[in-house]
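Below is one structure; the comments refer to it alone.
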Amino acid sequence: MKADEIRETFLAYFENKGHRRVPSSPVIPQDDPTLLFTNAGMNQFKLALLGKEKRDYSRATSCQKCIRASGKHNDLEEVGRTARHHTFFEMLGNFSFGDYFKKEAIEYAWEFMTEVLRLPTQRLWISVYKDDDQAYAIWNSRIGVPAERIVRLGDVQQGDEENFWSMGDTGPCGPCSEILFDQGEEMSCGPHCGIGKCNCDRYLELWNLVFVQFDRSPDGNLTPLPRPSIDTGMGLERIAAVMQKVQSNFQTDLFRPIIAEMEEIVRRGYSSGPEGMPFRVIADHVRALTFALADGALPSNEGRGYVIRRILRRACRFGRTLGMTEPFLYRLVGPVVDIMARPYPELKEKREYVALVIKTEEERFGETLDQGLELFRKAVQVVQASGQKTIPGREAFRLYDTYGFPLDLTVDMAEEIGLQVDLEGFHEEMKLQKQRAKQASRFREEENQWTILSEGPHSRFIGYDHERATVVIRRMRMATDYIDLVLDQTPFYAEAGGQVGDRGELRGEGIEIEVTDTFRSADAVVHRGKLLKGNIREAKGSLTAQIDSQRRSATARNHTATHLLQAVLRQVLGEHVRQSGSLVAPDRLRFDFTHFSPLSPKELERVEASVNAKIREDIPVSTFETSLEEARRMGALAFFGEKYGERVRLVKIGKESLELCGGTHVKATGQIGQFRLVSESGISAGIRRIEAVTLFSTPRSTG
């Protein structure tokens, strides 16, 4: 049974059980700043599972693209060493948001395994949490699994959270039940082999059923939730290996074409033994890179970009062990897309772009890789000559700091020749460097700095429809050269999505305030300005808030022009173009976007002419709200890195552009005037910047 067939069979089965089929969310989370990567099927349903979000369905099923290469869930170092660990994988899942619970979840899972996939029941084992008598009884009495094939695991009170899931130290949690497949005695690690006793591949964990039924308090007490939920996950790669009767995920149809292409490139055959580790690492890593880059990530020196760079450089280094001194990873993007394009058609349009990004990174790293390897060899010679077994932390840091070697890469190379790395020394060197470097610091406002002037809701934005409003001050914060105010409602737009904050004034009886900036702080809209007249503490009644209308209009023209610019760039350069940053001010606009080469004079001329042509068409600009899921189905573009709620605002420019955007815009493109490019430049690997102005932009402020 091929992987495509397994995936479709799973989703169709749960659709027939009343579940909504929900598309995979991107591997780059767009609405969860706590994650670098989507690492589980439940990520996009987290708020629904917590009861904080209402959807028009209470049952869902999905096949989620996942990456686990950082943080708590990090399988990077295990990739290639085992038959089942991956940085990228697909998670099949079914979910209930306060609908069905343990009985139905267990019955569905068993029916799918035994009647749909027709796995032999005698080879299926079950694990449950040690105190979950309810799940045990369902498996044993209702399903009929013999007691000798049901294993109790975990003990939260003793710190063993095996078969117990939690979102954090406090909050929703609950016991788990896993379905495992016995791959046979030939996979056993010895006489003491058993579930919960070893980590060998005989008993393969296939499907984890999580019963979200408690709320854990800070003191550790578990309180039953009023509407318990279900969150399950089954790795497609693992079930594919079982269904295709192979002992390694890398022998399935999800990997075989990639490895076959690699054999052609390196001109040597693949082995499933230890000597085949470079093939497995590279095949896994190129899948992760393809999906991450297609979904908007880019290699960089921090955050998720650094993780992507680590993965790529790790693959490059293993390529060296196969004799590859020239870029080659980019040639494997094709097989990945060919395998995965049916369920993920978005890969097709990104194929050339992803290959270009990888090739560029390979070329850049290749310039220093050989130098770094030489430094590593010299460090090893010194260590071995002294009879030691540990590479000093300062040498590992030199590799990292000078040649871009991630620490885990140095550790990998050291382990391969029986050495260790002084991790404590490495981190001490890192700490010293940070102390030497000048660290930029942002002003952090503490809640106790605020003086409460009135009670009630605050910061309701009414600026789409009103430029002037009657307002009440909720709280105030005074500094030497400015005053901050939070209002009950406001027509002032707070800086967000690249658009600068509004300016204007607040006036009342004996009070006059010039608002010089508007920005968000936590859940509040802060109006920063200068007190020109009066005493805020003695102010009585309401104030009149008035934005600088001319400045707002100029900003709106530039913001709509930015949307047109992105649409035109995607037409001229390709669908890989995505916004990676912007500045929309009244006097200019700046647009950062993903592209890996400078624009030619002809391309720049075409971009400017196309934007102006769309301005002359006087295309209507409209805004409306819809669900985030519906916006994604409509193909709306989102600003990478922004956090969106379940309800989102879309800005539509005829058939030219559809973007998630909370900013202010003109009513029709003809109001923009004329568009002029000022400059085009590169600001980092794979990121270009365009600066431009519109004819009606106001003069640049000197303030």
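The values are calculated or read from the model by the stated rules, or taken from the named source; none is laboratory data. This structure is a prediction, so every number in the text was calculated from the model and none was measured. Ideal geometry is used to build each Cβ from the backbone, glycine not excepted, and the neighbour counts take in all protein chains shown.
Observations on the model:
- Check on residue 15, of a type in the set (Asp, Glu) and in contact with a strand residue (DSSP E or B) (Cβ under 6 Å, 6 or more places away or on another chain): yes
- Between 610, 582, the distinction of being at negative phi, part of a strand (DSSP E or B), in contact (Cβ under 8 Å) with a residue 24 or more places away in the chain and hydroxyl-bearing (Ser, Thr, Tyr) belongs to 582 only.
- Within segment 85-121, if we keep just the residues that are more than 26 Å from residue 57 (Cα to Cα) and in a helix (DSSP H, G or I), the residue that is farthest from the chain's Cα centre (by Cα) turns out to be 121.
- Of the candidates 628, 695, the single residue that is buried (at least 18 other Cβ atoms within 10 Å of the Cβ), aliphatic (A, V, I, L, M) and modelled with pLDDT under 95 is 628.
For (1) without any contact (Cβ under 8 Å) to a residue 40 or more places away in the chain; (2) under 24 Å from residue 55 (Cβ atoms), each residue gets a yes or a no:
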{"site": "67", "(1), (2)": "no, no"}
{"site": "81", "(1), (2)": "no, no"}
{"site": "90", "(1), (2)": "no, yes"}
{"site": "101", "(1), (2)": "no, yes"}
{"site": "111", "(1), (2)": "yes, no"}
{"site": "115", "(1), (2)": "yes, no"}
{"site": "119", "(1), (2)": "no, no"}
{"site": "124", "(1), (2)": "no, no"}
{"site": "129", "(1), (2)": "no, no"}
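- Qualifying position, being within 30 Å of residue 633 (Cβ to Cβ), surrounded by fewer than 17 Cβ atoms within 10 Å (Cβ to Cβ) and among the charged types (D, E, K, R), among 349, 424, 416: 349
- Some residue of segment 228-236 being assigned by TED's automatic domain parsing to the domain that holds residue 90, of a type in the set (Gly, Ala, Ser) and assigned to a loop (DSSP other than H, G, I, E, B): no
- Scan of segment 104-122 for residues that are surrounded by 15 or more Cβ atoms within 10 Å (Cβ to Cβ) and either out of contact with any helix residue (DSSP H, G or I) (no Cβ under 8 Å at 6 or more places or on another chain) or of a type in the set (A, V, I, L, M, F, W, C) (or both), ordered by number: 104, 105, 106, 109, 110, 112, 113, 117, 119
- Highlighted here are the strands (runs of 3 or more DSSP E) found entirely within segment 462-561 that include at least 2 residues which are of a type in the set (Gly, Ala, Ser) and either modelled with pLDDT of 95 or more or outside the structural domain of residue 638 (by TED's automatic domain parsing) (or both): 504-508, 524-533.
- All conditions in (1) free of Cβ contacts under 8 Å to residues at least 40 places away in the same chain; (2) closer than 24 Å to residue 336 by Cα; (3) of a type in the set (Ser, Thr, Tyr) hold for residue 34, with the sole exception of (2).
- Counted residues, segment 446-474 - those being within 28 Å of residue 550 (Cα to Cα) and not hydroxyl-bearing (Ser, Thr, Tyr): 14
- For segment 149-160, the candidate set comprises residues that are surrounded by 15 or more Cβ atoms within 10 Å (Cβ to Cβ) and of a type outside the set (A, V, I, L, M); within that set, the residue that is nearest to residue 127 (Cα to Cα) is 152.
- Just one residue in the set 613, 636, 668 is surrounded by fewer than 16 Cβ atoms within 10 Å (Cβ to Cβ) and among the hydrophobic types (A, V, I, L, M, F, W, C); that residue is 613.
- Matching residues, segment 237-261, being under 31 Å from the mean Cα position of the chain (by Cα), hydrophobic (A, V, I, L, M, F, W, C) and either farther than 19 Å from residue 341 by Cβ or assigned to a strand (DSSP E or B) (or both): 239, 241, 242, 243, 250
- Test: residue in segment 639-647 that is outside the structural domain of residue 304 (by TED's automatic domain parsing), surrounded by 20 or more Cβ atoms within 10 Å (Cβ to Cβ), modelled with pLDDT of 95 or more and touching a strand residue (DSSP E or B) at 6+ places or on another chain (Cβ under 6 Å): no
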